[in-house]
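Notes for the one structure printed next.
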Amino acid sequence: SASRTPVLCTQYCRGFTMARLKTFVILLPLAFLCCTVDGKGGPATSNQYCIIGAGPGGLQMGHFLERAGRDYVIFEKNTTAGAFFLHYPRHRTLISINKRHTGSTNKEFNFRHDWNSLISDDEALQMRYYSREYFPKADDYIRYLQDYASKLNLKIQYNTEIMEVDRQPGEDFVLRDQEETTHSCQVLIVSTGLWLPNIPETFPGLEFAEGYESVSIDPEDFEGKVVLILGRGN
């Protein structure tokens, strides 16, 4: 696309020799596109801004960059925006409020009672139009985030997991994805959230504990049992 321009092969294919020219370089009228030295991956791409993660934070930043006419791309390892909410919360009900009626017509005041909606210029992109519940369902929030991404035409590259980030002094960030394709940018924004379990330091009996990500959510499984909960977060 127009926002993803080729970069010179010599910038990223370090270890390149003229003897290997026919293996790694495709000659085009205006630029060289190259693969990695081991022959894997696709053409390198370059943008001014790279955002990792198409959750609420990444989408919000993408909107502001899109509105400002900036050259950016959002990398998302899953097939949809807001994929975190496909699995969490486990009970499928958010704890962020959706107060649709505040008794006020002041938009700023009302927005402070909406803990789910992202900022945009589209009045229809508010969580109040996706759920009537005070604590919305996670599935409704996924639908909202998907509409936010599509209706605002955000530049998201799905199925792209960034595996490595590198930066040499005075140079751009260089990102490598699961296909060994390299992407460069001047500004890198990481919006991946907290997607790994917070496992405490090892203590006797830790092997008997279950994490939130896998513990049963059926109340009958705990009936008549003594339950110890480690951690008092949400």
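Under a crude label model (7 Å from the Cα following the beta-carbon direction), how far is GLN186 from TYR88 in nanometres?
3.4 nm
In whole Hz, what ³J(HN,Hα) sequence does region 55-64 give by Karplus (6.51, -1.76, 1.60; θ = phi - 60°), x for Gly and Pro?
Calculated HN-Hα couplings, in order: x, x, x, x, 5, 5, 5, x, 4, 5 Hz.
Could you check how much of the accessible area of region 68-205 is carbon and sulfur, as a whole percent, using a 1.4 Å probe? Write out the running numbers ahead of the final one.
Details: 4330 of 8550 Å².
Here carbon and sulfur together make up 51 percent of the probe-accessible area.
Which percent of Cα pairs goes in each bin when the distances of region 134-234 are cut into 10 angstrom slices starting at zero?
That works out to 9, 24, 26, 25, 13, 2, 0, in percent per bin.
Where does each of LYS77, LYS225 land when they are ordered by accessible area, with a 1.4 Å probe and the largest first? Working shown, then result.
Values: LYS77 90, LYS225 135 Å².
From most accessible down to least: LYS225, LYS77.
Alpha carbon centre of region 77-146 versus region 181-211: separation in Å?
Distance between centres, Cα-based: 25 Å.
Region 117-222: which GluC sites (Glu not before Pro) are DSSP loop and have at most 16 other beta-carbon atoms within 10 angstrom?
Loop-located and lightly packed - GLU123, GLU133, GLU161, GLU171, GLU179, GLU180, GLU201, GLU210, GLU213.
Using a simple spin-label model with points 7 Å from Cα along the Cα→Cβ vector, what separation in nm is obtained for ASN78 and ASN153?
In this crude label model, ASN78 to ASN153 measures out at 2.7 nm.
Set the bar at 31 Å for Cα to Cα. Now go through LYS99/LYS225; LYS77/LYS151; LYS77/LYS225 and name every pair that lies beyond it. Provide the component values of the computation, followed by the final result.
Details: LYS99/LYS225 37 Å; LYS77/LYS151 21 Å; LYS77/LYS225 39 Å.
Long pairs (Cα-Cα over 31 Å): LYS99/LYS225; LYS77/LYS225.
Please work out the FRET efficiency for the pair GLU210 and ARG167, using the Cβ-Cβ distance as r and a Förster radius of 30 Å; give the result to the nearest 0.05. Show your work: numbers first, answer last.
Working: r = 39 Å, r/R0 = 1.30.
E(calc), rounded to 0.05, equals 0.15.
Once the Cα gyration tensor of region 103-171 is found, what semi-axes does its equivalent ellipsoid get, as square roots of 5 times the eigenvalues, in whole Å, sorted largest first? Walk me through the numbers on the way to the answer.
Details: eigenvalues 207, 52, 31 Å².
Calculated on Cα positions only, the semi-axes equal 32, 16, 12 Å.
Enumerate the amide H contacts of ILE156 below 5 Å, restricted to partners 5 or more residues apart or on another chain; note that Pro and chain-start residues carry no placed amide H.
Correct list: ILE74.
Which ³J(HN,Hα) values in Hz, rounded to whole numbers, follow from the phi angles of region 84-96 under the Karplus curve 6.51 cos²θ - 1.76 cosθ + 1.60, where θ = phi - 60° and Gly and Pro get x?
Karplus values, whole Hz, x for Gly and Pro: 3, 7, 6, 10, 10, x, 4, 8, 6, 10, 6, 9, 9.
Take the Cα coordinates of region 160-200, assign each an equal point scatterer, and use the Debye formula without solvent to give log10 I(q)/I(0) at q = 0.17, 0.32, 0.33, 0.34 Å⁻¹.
Taking Cα atoms of region 160-200 as identical point scatterers yields -0.56, -1.13, -1.16, -1.18.
Enumerate the amide H contacts of GLY55 below 5 Å, restricted to partners 5 or more residues apart or on another chain; note that Pro and chain-start residues carry no placed amide H.
Result for GLY55 returns GLY82.
The values are calculated or read from the model by the stated rules, or taken from the named source; none is laboratory data. Because the structure is predicted, anything quoted here is derived from the model rather than measured. Here Cβ is always computed from backbone atoms with ideal geometry, including for glycine, and neighbour counts include all displayed protein chains. These accessible areas exclude ligands, DNA and RNA; they are computed on the full protein's heavy atoms, side chains included. Shrake-Rupley method; radii C 1.70, N 1.55, O 1.52, S 1.80 Å.
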